[in-house]
1. Taking the options 148, 170, 143, 124, name whichever one is among the small types (Gly, Ala, Ser), modelled with pLDDT under 95 and within 19 Å of residue 48 (Cα to Cα).
2. How about the range 33-111: which helices (runs of 4 or more DSSP H) wholly inside it have at least 2 residues that are modelled with pLDDT of 95 or more?
3. Filter the range 72-84 down to the residues that are surrounded by 17 or more Cβ atoms within 10 Å (Cβ to Cβ) and either touching a Lys or Arg at 6+ places or on another chain (Cβ under 8 Å) or closer than 13 Å to residue 211 by Cα (or both) and list them by number.
4. Name the single residue that is farthest from residue 49 (Cα to Cα) among those in the range 68-87 being among the β-branched types (Val, Ile, Thr) and under 11 Å from the mean Cα position of the chain (by Cα).
5. Considering the range 69-84 alone, what residues qualify as being closer than 12 Å to residue 42 by Cβ and either of a type in the set (Lys, Arg) or free of Cβ contacts under 8 Å to residues at least 12 places away in the same chain (or both)?
6. Counting only residues that are assigned to a helix (DSSP H, G or I) and small (Gly, Ala, Ser), how many does the range 186-214 have?
7. Six or more apart or on different chains, Cβ under 7 Å: which pairs go from a residue in the range 135-150 that's within 23 Å of residue 73 (Cβ to Cβ) to one that's at pLDDT below 60? Could you list them?
Amino acid sequence: MLKVIPGFAFLLTLVCMAGCVETVKSRHFPAASDRKEPITRLAVAPFRAMGSLSRRTTSNAAVPPEVATALVARYLTEALAGRGISVVAADDVALALASQQPIEERLIPRAVAQVVTDRFGADAVLLGSVTRFDERRGQAAGALHPAAVGFEVTLYTAPGAQKLWNGVFAETQQALSENILSTHRYPGGGMRWLTAEELAKWGAEEMVLQIPLW
C-alpha cells in the first residue's frame, strides 16, 4: 500500500483546493447548445464604463474611464486573436456604429449584431462593460493598496443577437500572506503587486479561455 507522507498530503490538498478557485464566473445560454457551426469571425464592440468606473472623470482618476474600457477591449481582442480566430477590433466597430442614431441606441445588442454582420461578415459579437479599474498604490515590491479590476462580457450571435455566453471577472489582488491558495494564479506567481493594466490583461486572457468558440 502506498504510504502518503502527511506534509505531502497537506500540500496536495492545497494544490487541489487552489485549482478550484474561480477566476471567471461564466454562464452558457440555451442558444449555445443549439449552435451547429463554430464562430469564424468575432467582432468586439466598444466597451461601456459602468459601476464605480462610470462615476469617475478624467481629472480624478489615475486611469480615465475611456482609457480603461479601451484597454480591456484591446486585451480581449488580442487574446481572441491568440486563439486563432478572426477578430474585428472595437475601434473598427465603433467607426461602423458612428452613423447609428441616437447615440444611446448604438450599443443595443440587436443593432450592433446587424451592423457587424453587414460591415464585417461577423457571425458573433462580444459586448461588455468595465465596472472597476483601480490602480495599485505603491510599487511592485510593496503596494499600499492593490490593483482591482472588474469587467463583464456577453457573447451574442450575429445577426439576431441571441445570447450565447456571459462571463464576469472581478479581482482585487491578494497578497501571498492573505490567501496562499489563489495567489499563485497571478502573473509572477503572486510574488509581486500587479498594475491595473497587468491585472486586466491577465483577466482578459483568462476570460477568453472560457469563451465558447466551438
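1. Numbers: 170 fails: modelled with pLDDT under 95; 143 fails: within 19 Å of residue 48 (Cα to Cα); 124 fails: modelled with pLDDT under 95.
The unique qualifying residue is 148.
2. Working: elements: 51-54, 65-82, 90-97.
By residue number, 65-82, 90-97.
3. First, pick out the residues of the range 72-84 that are surrounded by 17 or more Cβ atoms within 10 Å (Cβ to Cβ): 72-77, 79-80.
Result: 75, 76, 77, 79, 80.
4. If we take residues in the range 68-87 being among the β-branched types (Val, Ile, Thr) and under 11 Å from the mean Cα position of the chain (by Cα), then 77 is farthest from residue 49 (Cα to Cα).
5. Of everything in the range 69-84, those that are closer than 12 Å to residue 42 by Cβ and either of a type in the set (Lys, Arg) or free of Cβ contacts under 8 Å to residues at least 12 places away in the same chain (or both) turn out to be 81, 83, 84.
6. Going residue by residue through the range 186-214, those that are assigned to a helix (DSSP H, G or I) are 196-210.
Now restrict to residues that are small (Gly, Ala, Ser): 196, 200, 203-204.
Matching residues across the range 186-214 total 4.
7. Listed by first residue and then by second, the contacts come to 136/143.
The values are calculated or read from the model by the stated rules, or taken from the named source; none is laboratory data. Everything quoted here is computed from the prediction, not taken from an experiment. Please note: Cβ atoms are built from the backbone with ideal geometry, for glycine as well, and neighbour counts cover all protein chains shown.
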